[in-house]
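Read the structure below first, then the notes.
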Amino acid sequence: MGIPTPAETRLKTNNMNSNQLPVKEYAPFYASYIQALENVHLIEELEISLHDFIRFVQNIPMDKFDFRYAEGKWTIKEIIQHLIDTERIFSYRALRISRKDITPLPGFEENDYIINTNANNRNLQDLLTEFSAVRHSTLLLFKSFSSEQLLRIGIASNAEVSVRAIGFITIGHQKHHQKVFEQRYL
């Protein structure tokens, strides 16, 4: 057996399973997102979860998209916008950390973001198209990372996080909100 090529090494690391991710690579806040992934491959699941989510949302009755299950809770459209915004932020963090930018990256206030969107006045198909475009961009970004880049650790929201953990957190965050849809909106 010879030395693996850079492409073979990248493929192996990009396809690592979520259960192989050491807990030291992400903040305890994200543990439930990672643990809910049931041993998935990073690149495969970034793609699969996109299609699963779009199919799932397209089967939600139209009268549910502006529904709030309690006062002050977000609508489904607002949650989709939240997923888009959060994935953009997570990808930006992954990019900066992968490029050895050692600047600590701040957190963000998700409620302030939602208040300053126009999600409830948007067309559902436009939201899903944007979600898909953002995920495709995320997927291409993560496919471009070398094994070394995926292992890099930086600071985001006052906690250490690896580039590869950010990928799994992105998937787990989406799955968390899909589960909330099932439990509280449908």
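A few points about this structure:
- Note on the range 141-186: residues that are in a helix (DSSP H, G or I), among the aromatic types (F, W, Y), farther than 18 Å from Y30 by Cα and under 17 Å from the mean Cα position of the chain (by Cα) amount to 2.
- Of the numbered criteria (1) of a type in the set (V, I, T); (2) surrounded by 15 or more Cβ atoms within 10 Å (Cβ to Cβ); (3) outside any loop (DSSP other than H, G, I, E, B), the one T129 fails is (2).
- Every pair of residues 6+ apart whose Cβ atoms lie under 8 Å, when the first sits in the range 92-117 and is over 20 Å from I79 (Cα atoms) and open to solvent by 50 Å² or more (accessible area, probe 1.4 Å) while the second is in a helix (DSSP H, G or I) and of a type outside the set (S, T, N, Q): L95/L141; T103/R96
- Applying the condition of being charged (D, E, K, R) and over 19 Å from the mean Cα position of the chain (by Cα) to the range 61-91 and asking which residue is most open to solvent (accessible area, probe 1.4 Å) yields E71.
- A search for C-beta distances below 6 Å between a residue of the range 61-78 that is under 20 Å from K175 (Cβ atoms) and any residue that is at pLDDT 95 or above and polar (S, T, N, Q), counting only pairs 6+ apart in sequence or on different chains, returns T75/N120; K77/N120.
- When the residues of the range 17-56 are filtered to those that are buried (at least 18 other Cβ atoms within 10 Å of the Cβ) and over 30 Å from L124 (Cβ atoms), the one that is modelled with the lowest pLDDT is L21.
- Set side by side, the residues S157, S146 differ, and just one is of a type outside the set (A, V, I, L, M, F, W, C) and closer than 30 Å to A70 by Cα, which is S157.
- Condition met for T138 (out of contact with any Gly (no Cβ under 7 Å at 6 or more places or on another chain), under 30 Å from F65 (Cα atoms) and either among the acidic types (D, E) or free of Cβ contacts under 8 Å to residues at least 60 places away in the same chain (or both)): no
The values are calculated or read from the model by the stated rules, or taken from the named source; none is laboratory data. Note that the coordinates shown come from a computational prediction; the quantities given were computed from them, not determined experimentally. For neighbour counting, all protein chains shown are included, and Cβ atoms are generated from backbone atoms with ideal geometry for every residue, glycine included. These accessible areas exclude ligands, DNA and RNA; they are computed on the full protein's heavy atoms, side chains included. Shrake-Rupley method; radii C 1.70, N 1.55, O 1.52, S 1.80 Å.
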